[in-house]
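Everything on this sheet refers to the single structure shown next.
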Amino acid sequence: MIIKMILIALLIYMVVNLFLAMRIMIKGHPKGEPMSKYIGRRVLTSVIIVTLILIAYATGLITPNPRPY
């Protein structure tokens, strides 16, 4: 159960970074923080999420749905 809460928190963090990057893109201030900072965090978070899912599946913490329909 804790692994699912961690994954949900990471997904929320990824969405927040997406909206922070959008805010910077809309403002368009050249002297502010670069948008790539938030996009890079989003990509890193995605890599962490995929890695955690693979590790959790390999160790048996999560199980896939045996019947997808």
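Data for the structure
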item: Residue, least open to solvent (accessible area, probe 1.4 Å), within region 48-69, restricted to residues that are of a type in the set (S, T, Y) and within 18 Å of I2 (Cα to Cα); result: T51
item: Top-ranked residue in region 1-31 [being in a helix (DSSP H, G or I) and not aliphatic (A, V, I, L, M); ranked as modelled with the highest pLDDT]; result: Y13
item: Counted residues, region 44-69 - those being modelled with pLDDT of 95 or more and aromatic (F, W, Y); result: 0
item: Residue within region 3-10 that is open to solvent by 70 Å² or more (accessible area, probe 1.4 Å) and β-branched (V, I, T) present; result: yes
item: Region 19-47, residues that are of a type in the set (A, V, I, L, M, F, W, C), within 27 Å of I3 (Cβ to Cβ) and open to solvent by 70 Å² or more (accessible area, probe 1.4 Å); result: F19, V43, L44, V47
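The values are calculated or read from the model by the stated rules, or taken from the named source; none is laboratory data. What you are looking at is a predicted structure, and each value in this text was computed from that prediction instead of being measured. Note that each Cβ is placed from the backbone with ideal geometry, even for glycine, and that neighbours are counted across all protein chains shown. Only protein heavy atoms, including side chains, enter the accessible area calculation; ligands, DNA and RNA are left aside. Shrake-Rupley method; radii C 1.70, N 1.55, O 1.52, S 1.80 Å.
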